[in-house]
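Worksheet for the structure shown next.
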């Protein structure tokens, strides 16, 4: 059963319509949870405890391509990151600590991770905070569920699009995104959405690959073409930060292979 406090944070993607939790017969006749728009009556399924707040028919372009990719590699993703962190020097805890230390999570905070993937960042964050994670990939969310169970950690997971966060304004004390924004259809819109759902004074942290990392992979024709056509994406998107944000900083880490952009909502 979804928690009432979680439902109160959710809204219709794109419309921001409030939702209520209801129960209705499923295909096998058993009761299943659904989220219902309080005005329109639009229904969103809840599958394995995860609300499906995504219109799949609107997933296109880069988002569609990478949704399929991450669904396919979900089972291998954690091992790949461990190897990358080892090669970058210091191992996974050191690698993740490079950006997680920017968060300054306090007891009782609400923390949103956009593109939570397999949830590996949560393993290194304080226990006494409320965590929420959104991803476009069902395969990654299911892997995240398994990891959380293994670690005895909790987080509320959502299937959704970072460019249309199905969450109410000013709901989170911290917003984190690691990996993926370089390949979003509309990175500027995603950053505006992260800012919208952050509370006044909240810190937003955005991390992704630099051009240096991509250049090391140009022996692959697909990466070489991607870098040639979209190389401008592989630097900290400082210019996409909404006007009026405070304490805007960008730096590289992991031997220059990753960037970390931070700013604070006034």
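The values are calculated or read from the model by the stated rules, or taken from the named source; none is laboratory data. In this text the structure is predicted, and so the values were computed from the model without any measurement. So basically every Cβ, Gly included, is an ideal-geometry build from the backbone, and we count neighbours across all protein chains shown.
A few notes on this one:
- Verdict on residue 25 being under 24 Å from residue 147 (Cβ atoms) and either out of contact with any helix residue (DSSP H, G or I) (no Cβ under 8 Å at 6 or more places or on another chain) or surrounded by fewer than 18 Cβ atoms within 10 Å (Cβ to Cβ) (or both): no
- Residues located in the stretch 16-38, provided they are on the phi < 0 side of the Ramachandran plot, modelled with pLDDT of 95 or more and not in a strand (DSSP E or B): 17, 38
- Among the residues of the stretch 146-156, the ones that are in a helix (DSSP H, G or I) and touching a strand residue (DSSP E or B) at 6+ places or on another chain (Cβ under 9 Å) come to 1 in all.
- Strands (runs of 3 or more DSSP E) wholly inside the stretch 39-145 that include at least 3 residues being surrounded by 19 or more Cβ atoms within 10 Å (Cβ to Cβ) and outside the structural domain of residue 24 (by TED's automatic domain parsing): 110-114, 130-135
- Options 216, 222: the member that is loosely packed, with under 14 Cβ neighbours inside 10 Å, farther than 27 Å from residue 17 by Cβ and touching a residue at least 40 places away in the same chain (Cβ under 8 Å): 216
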